[in-house]
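Here is the structure we will look at.
The values are calculated or read from the model by the stated rules, or taken from the named source; none is laboratory data. These numbers come from a predicted model, not from an experiment. Cβ atoms come from the backbone with ideal geometry, glycine included; neighbour counts cover every protein chain shown. Just the protein is used for accessible areas: all its heavy atoms, side chains included, with ligands, DNA and RNA removed. Shrake-Rupley method; radii C 1.70, N 1.55, O 1.52, S 1.80 Å.
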Amino acid sequence: MKRYEPPAGWVVQAYKFALDPGDTQTGSLRRNTGAARFAYNHMLRRVGAVQAQRAAEASYGVSEADLTPWQGWSLPDLRRTWNEIKQWVAPWWAACSKEAFNTGLANLSAALGNWHASRTGARKGRRMGWPRPKRKQAQRSARFTTGAIRVDPGYRHVVLPRLGRIRTHESTRKLARRIRAGTAQILSATVSETAGRWFCSFQVAVRRDHNRPAHAPRAGRVVGVDAGVKHLAVLSTGELVPNPKPFNAALKKLGKAQRRAARRIGPYDPATRSKRTASKRWQRAQDAVTRLHATVAAVRADSWHRLTTRLAQQFDTVVVEHLHVAGMIRNRKLARSLADAAPATLRRHLGYKTGWYGSILYVADRWYPSSKTCSACKTAKPKLSLAERTFNCTTCGLSLDRDVNAARNLADLVRHVDLELPGDAKTGRGAYVRSVRPAPAGWAAGDEASRPSGVNAGRQRTAADREFTFTH
Ligand SMILES: [Zn+2]
């Protein structure tokens, strides 16, 4: 599949709506998303079986020409084979959209491509294993790219091929009005199920003009953002952005629900260290846990969107921390793992929203000790435990909330850099993202002393440092 390249001035964006399907429609959604899973699993087994068969034949000395024909995993290859065999392996195929099967085949093609690239060294990062079959419990989804895909003018329904007109749980007004005005065009629609609720996510090309809202303050404002545990975020302006109340409430309920599920008879028997049949009461408790997880995620996502939109609109320059590495996110405590994922969310949202609103995003250098440095005299402490909520400087006597101190340091990073930006960013016509390091003069030696640092070291690498640019 070719990647869609939007015309200049247009960006690709998602609009996701919760659905309220009827019983027949739910059946149809389950059937089509199940078809995607079936095609994925069937062709995965087939590709694996052909490879094993060929390896066995080769070991018996069968010549190359007489081996079982190779099964490729490019999408056209998979689709060709699937169309040849579907009437035998899935005689019910006509009851589902061909796009549903295509979803499974496209996902499989990508998974096998990743596996192969990882094995041959073309793909960096953690080693990818052979793709695992999709279980029935896995998230269901199917993507539609052709046919009747639209939002109803009445704002309360979406129309999808084969599935028909489905009621939405929330208004589709924002998207419908853009489509009517000619500033949005639907590219595809993906239906998916999360914790028992169905969603439809439209991939939409949207024309975005850099009209900063009237309430946006004057130019030249810089803000550092520290994503916290206790608060959603702390700004260098001293503002503490609290976690939303529904979030704290859901988190509390979640803890309760998890303890309840733990008391019931689950599928794992700790006494014999083996599997057992889970009780219905356990399943009920577990479903509640799943629903609460979805609530926590939704509430959290909403508050991140509100915050990042406000930051991109109200400030000219936003500075955030470097991402935590993937391995650090694996925490057992939910609150902690949410906090660890926060810098990544911040950066992802601000990456495109600063592009929309003509502001600039900076990402602090990976080694920059924003928490350990005093924001007043820039002396770095060798150690600062997570339990210390207040930063007390032994050099200048500063006493400040730990997160505010970190946020101030982030904002200062950019104040010390002579903002020499490419034309795009200067005129506010695009997001310019790059990592920044502290200026060498006046900065105490910390962790970064042994590394190449300084503004100039950073500036020489601008082209390489540029993470991505939106040009509109
Ligand atoms: Zn100090």
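What are the pairs, 6+ residues apart or on separate chains, where a residue within the stretch 390-409 that is more than 17 Å from residue 235 (Cβ to Cβ) has its Cβ under 8 Å from a residue that is more than 10 Å from the ligand (Cβ to nearest atom) and of a type outside the set (S, T, N, Q)?
390/401; 390/402
Tally up the residues in the stretch 23-48 that are within 15 Å of residue 85 (Cα to Cα) and open to solvent by 50 Å² or more (accessible area, probe 1.4 Å), please.
Number of matching residues: 3.
Here is a check on your reading of the model: is residue 142 under 21 Å from the mean Cα position of the chain (by Cα) and of a type in the set (A, V, I, L, M)? First the steps, then the outcome.
Working: under 21 Å from the mean Cα position of the chain (by Cα): yes; of a type in the set (A, V, I, L, M): yes.
Considered against the rule, which asks whether it is under 21 Å from the mean Cα position of the chain (by Cα) and of a type in the set (A, V, I, L, M), residue 142 comes out as yes.
With respect to the numbered conditions (1) surrounded by 15 or more Cβ atoms within 10 Å (Cβ to Cβ); (2) within 21 Å of the chain's Cα centre (by Cα); (3) farther than 28 Å from residue 291 by Cβ, which one is the sole condition not fulfilled by residue 125?
All conditions pass for residue 125, except number (1).
Going by what's in this entry, would residue 14 be described as over 18 Å from residue 133 (Cβ atoms), surrounded by fewer than 14 Cβ atoms within 10 Å (Cβ to Cβ) and within 23 Å of the chain's Cα centre (by Cα)?
Answer is yes for this residue.
Residue 205 fails exactly one of the following numbered conditions: (1) open to solvent by less than 30 Å² (accessible area, probe 1.4 Å); (2) over 22 Å from the mean Cα position of the chain (by Cα). What is the number of that condition?
Just one mismatch for residue 205, condition (2).
If residue 168 satisfies every condition in (1) modelled with pLDDT of 90 or more; (2) within 30 Å of residue 401 (Cα to Cα) but one, which is the exception?
Tallying (1) modelled with pLDDT of 90 or more; (2) within 30 Å of residue 401 (Cα to Cα), residue 168 fails exactly one: (2).
Test residue 29 against the criterion of being farther than 18 Å from residue 161 by Cα and either assigned to a loop (DSSP other than H, G, I, E, B) or at pLDDT 95 or above (or both), and give yes or no.
Considered against the rule, which asks whether it is farther than 18 Å from residue 161 by Cα and either assigned to a loop (DSSP other than H, G, I, E, B) or at pLDDT 95 or above (or both), residue 29 comes out as no.
Is there a residue being open to solvent by 60 Å² or more (accessible area, probe 1.4 Å) and touching a His at 6+ places or on another chain (Cβ under 6 Å) anywhere in the stretch 159-181?
Yes.
Can you pull out the residues in the stretch 277-300 that are free of Cβ contacts under 8 Å to residues at least 24 places away in the same chain and under 16 Å from the mean Cα position of the chain (by Cα)?
Hits for the stretch 277-300 are 297, 298.
Please list, ordered by first then second residue, the pairs with beta carbon atoms under 9 Å, 6 or more apart or interchain, first in the stretch 254-267 and over 15 Å from residue 293 (Cβ atoms), second open to solvent by less than 60 Å² (accessible area, probe 1.4 Å) and part of a loop (DSSP other than H, G, I, E, B).
264/278; 264/279; 265/278; 265/279; 266/278; 266/279; 267/278
Within the stretch 22-59, work out how many residues are under 15 Å from residue 190 (Cα atoms) and under 26 Å from the mean Cα position of the chain (by Cα).
8
Are any residues in the stretch 347-400 open to solvent by 20 Å² or more (accessible area, probe 1.4 Å), among the small types (Gly, Ala, Ser) and more than 16 Å from the ligand (Cβ to nearest atom), and if so, which ones?
If the condition is that a residue be open to solvent by 20 Å² or more (accessible area, probe 1.4 Å), among the small types (Gly, Ala, Ser) and more than 16 Å from the ligand (Cβ to nearest atom), then 385, 387 are the ones that fit.
Of the conditions (1) farther than 25 Å from residue 52 by Cα; (2) assigned by TED's automatic domain parsing to the domain that holds residue 81, residue 113 fails just one. Which one is it?
Of everything listed in (1) farther than 25 Å from residue 52 by Cα; (2) assigned by TED's automatic domain parsing to the domain that holds residue 81, residue 113 misses just condition (1).
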